[in-house]
């Protein structure tokens, strides 16, 4: 989707650039017409000159609207890219969390097995310490995941806001 929007924005931008060049030529023609209208033999009226000037002004307004549309599309693309980057980071962190939690449960299982056999000594103490460290690490990772999820939700809201901004703007003008 983001590539399609990006491509659309680029193509419309190229079209706008070409049309702006055409407007420059239209204004040159308008200046020539204003000179020609002063000739008594000219078959051009002042009303036609004003009509042509209004046509140029309307065309410029439409191009400005199209440029705003392109800017809105680019805002959406940027917000969406940022969202996807954060989403990938969140999924990677979640995968690491699952691996860490799996290792923690394996260690707890080993510890329970050892204590059920009434084992004591260095191995049990080392495993107990390892379990505490992993438990602390899991708590830290959970806090980080919560923060990352909140950030991801905020990025999603920014994408929504970009769409709503574009939608509201589209209501205001015609192509």
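The values are calculated or read from the model by the stated rules, or taken from the named source; none is laboratory data. Source: prediction; values computed, not measured. Cβ coordinates were reconstructed from backbone atoms using ideal geometry, including for glycine residues, and neighbour counts include every protein chain displayed.
Structure summary
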| quantity | calculated |
| --- | --- |
| Selected residue [part of a helix (DSSP H, G or I) and either touching a strand residue (DSSP E or B) at 6+ places or on another chain (Cβ under 8 Å) or closer than 19 Å to residue 170 by Cα (or both)] from 59, 90 | 59 |
| Members of the stretch 129-141 that are exposed (fewer than 13 other Cβ atoms within 10 Å of the Cβ) and within 32 Å of the chain's Cα centre (by Cα) | 139, 140 |
| Among the candidates 159, 153, residue that is within 30 Å of residue 77 (Cβ to Cβ) and surrounded by 15 or more Cβ atoms within 10 Å (Cβ to Cβ) | 159 |
| Residue satisfying condition, being exposed (fewer than 10 other Cβ atoms within 10 Å of the Cβ), assigned to a helix (DSSP H, G or I) and either over 32 Å from the mean Cα position of the chain (by Cα) or modelled with pLDDT under 90 (or both), within set 171, 112 | 171 |
| Answer from 119, 137, 155, 92 - the residue that is modelled with pLDDT under 90 and more than 29 Å from residue 14 (Cβ to Cβ) | 119 |
| Odd one out for residue 72 among (1) at pLDDT 90 or above; (2) under 30 Å from residue 6 (Cβ atoms) | (1) |
| Cβ-Cβ under 9 Å pairs, at least 6 apart or on other chains, the stretch 57-71 side farther than 14 Å from residue 13 by Cβ, far side in a helix (DSSP H, G or I) | 59/19; 59/22; 59/23; 59/26; 60/20; 60/23; 62/19 |
| Among the candidates 22, 26, residue that is out of contact with any helix residue (DSSP H, G or I) (no Cβ under 6 Å at 6 or more places or on another chain), over 24 Å from residue 158 (Cα atoms) and part of a helix (DSSP H, G or I) | 22 |
| Test: residue in the stretch 45-58 that is loosely packed, with under 12 Cβ neighbours inside 10 Å and under 22 Å from the mean Cα position of the chain (by Cα) | no |
| Checklist (1) within 30 Å of the chain's Cα centre (by Cα); (2) touching a residue at least 24 places away in the same chain (Cβ under 8 Å) applied to residue 14, failing item | (2) |
| Set 21, 30: member being surrounded by 13 or more Cβ atoms within 10 Å (Cβ to Cβ) and either in contact with a strand residue (DSSP E or B) (Cβ under 6 Å, 6 or more places away or on another chain) or without any contact (Cβ under 8 Å) to a residue 40 or more places away in the chain (or both) | 30 |
